[in-house]
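Novice: Let me begin by handing over the structure; questions about it come next.
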Amino acid sequence: MSDGDGVRSVHRALDLLERFDDEHPTWTLAALTAASGLPKTTVLRLVTTLEQRGLVAAIGPGKYAIGPGFLRWSRLSSETMEIPPAVRAAMGKLSADTGETANLYIRVGRTRVCLAQSPGTLNVRHMVVVGSSMPLWAGAASKVLLTDPPVLEADPSLIEELALEAPQQPGFAKRLRAAVTDAAARGFAISHGERELGASGVAAPVRRPDGRIVAAIAIGGPTTRFSDERLPSYVAAVRRCAETIARTGWSGFSAS
């Protein structure tokens, strides 16, 4: 096996692991093969290797879930990726100012992961699980994360690849690219019912001094509250929070 083959195998194995998420906690070999587009023999070889290392575990005939090998890494991640108090304080002010739940996201491959959350003060809330990963083809935070300058430069076809994962109509890739371009120009993004019907969001980028986007700060809640009358104040509050977090000097975990 050449070095190129080795790197490709690593990427393929990681791509398989990324398909395990809150919506798909388990996969059969057949479904994983169909979703990945890889040959069945390749998926079987990769899954077997991951199982040997404890990164996936067989939970039934031909059915797999994330394995116990991740527990050690999860503990280490929790210890090293602690969110600074100043960042949490800024998120708390955002949720208090808007009444909506505030979430902090970073990009991990082709997903966004929720690092921290400040619950909203209103009785009806939209919540996500801290640590959960969501696809990059939907949501205001995803669009903001995709505006990080080197992301599309490194992979110009990323938008089209993400669009293939989305249950959307033809032409979605063009609309997604336009939305990312718009988010880059405006410095924020708004979404309505893209990932979950009846849920809306507003997000803004958290930048470090060199301009790289290290995270997206977002609020989410019922679409009925994200009205034309409220959106301007929501956008202003989210952007203030992003600037406050940037001033803390927090450098994030995802940007190189």
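The values are calculated or read from the model by the stated rules, or taken from the named source; none is laboratory data. Since the structure is predicted, the reported quantities are computational estimates derived from the model, not experimental observations. Here the Cβ positions follow ideal geometry from the backbone for every residue, glycine too, while neighbour counts run over all protein chains shown. What goes into the accessible areas is simple: the full protein's heavy atoms, side chains included, and nothing from ligands, DNA or RNA. Shrake-Rupley method; radii C 1.70, N 1.55, O 1.52, S 1.80 Å.
Novice: Using a simple spin-label model with points 7 Å from Cα along the Cα→Cβ vector, what separation in nm is obtained for residue 240 and residue 192?
Specialist: Here the modelled spin labels are 2.5 nm apart.
Novice: Dipole of the chain, Cα-centred, from +1 at each Lys and Arg C-beta and -1 at each Asp and Glu C-beta, to the nearest 20 debye?
Specialist: 240 debye
Novice: Sticking with this structure for a sec: List the trypsin sites (Lys or Arg not before Pro) within region 54-162 that fall in a DSSP loop (any state other than H, G, I, E or B) and whose Cβ has at most 15 other Cβ atoms within 10 Å.
Specialist: Answer in residue order: 125.
Novice: Counting only GluC sites (Glu not before Pro) that sit in a DSSP loop (anything but H, G, I, E, B) with at most 12 other Cβ atoms within 10 Å, what is the longest stretch of the chain containing none of them?
Specialist: That would be 83-228.
Novice: Which chymotrypsin sites (Phe, Trp or Tyr not before Pro) does region 52-136 hold that lie in a coil by DSSP with at most 15 other beta carbons within 10 Å? Numbers along the way, then the final one.
Specialist: Values: sites: 64, 70, 73, 105; in loops: none.
Answer in residue order: no site qualifies.
Novice: To test your reading of the geometry: what angle, between 0 and 90 degrees and rounded to tens, separates the Cα axis of helix 231-247 from the longest principal axis of the chain?
Specialist: So the helix axis and the longest Cα principal axis differ by about 70 degrees.
Novice: Carbon and sulfur together cover what percent of the accessible area of the chain at a 1.4 Å probe radius?
Specialist: Numbers: 7540 of 13240 Å².
Of all accessible area on the chain, carbon and sulfur atoms account for 57 percent.
Novice: Where only protein heavy atoms count, and the probe is 1.4 Å, what is the accessible area per residue for region 71-209 in Å²?
Specialist: 49 Å²
Novice: So for the chain, what percent of the C-alpha to C-alpha distances run longer than 32 Å?
Specialist: 26 percent
Novice: What is the calculated FRET efficiency for residue 9 to residue 166, with r their C-beta to C-beta distance and R₀ = 30 Å, to the nearest 0.05?
Specialist: Once rounded, the FRET efficiency stands at 0.65.
Novice: Check residue 132: other-chain or 5+ apart residues with amide H under 5 Å from its amide H, H built from backbone geometry?
Specialist: Counting only residues 5 or more places away or on other chains, the set is 114.
Novice: Contour minus end-to-end for residue 130 and residue 36, with contour as 0.36 nm per residue of separation and end-to-end as the Cα-Cα distance?
Specialist: Extra length from residue 130 to residue 36 when fully extended: 31.2 nm.
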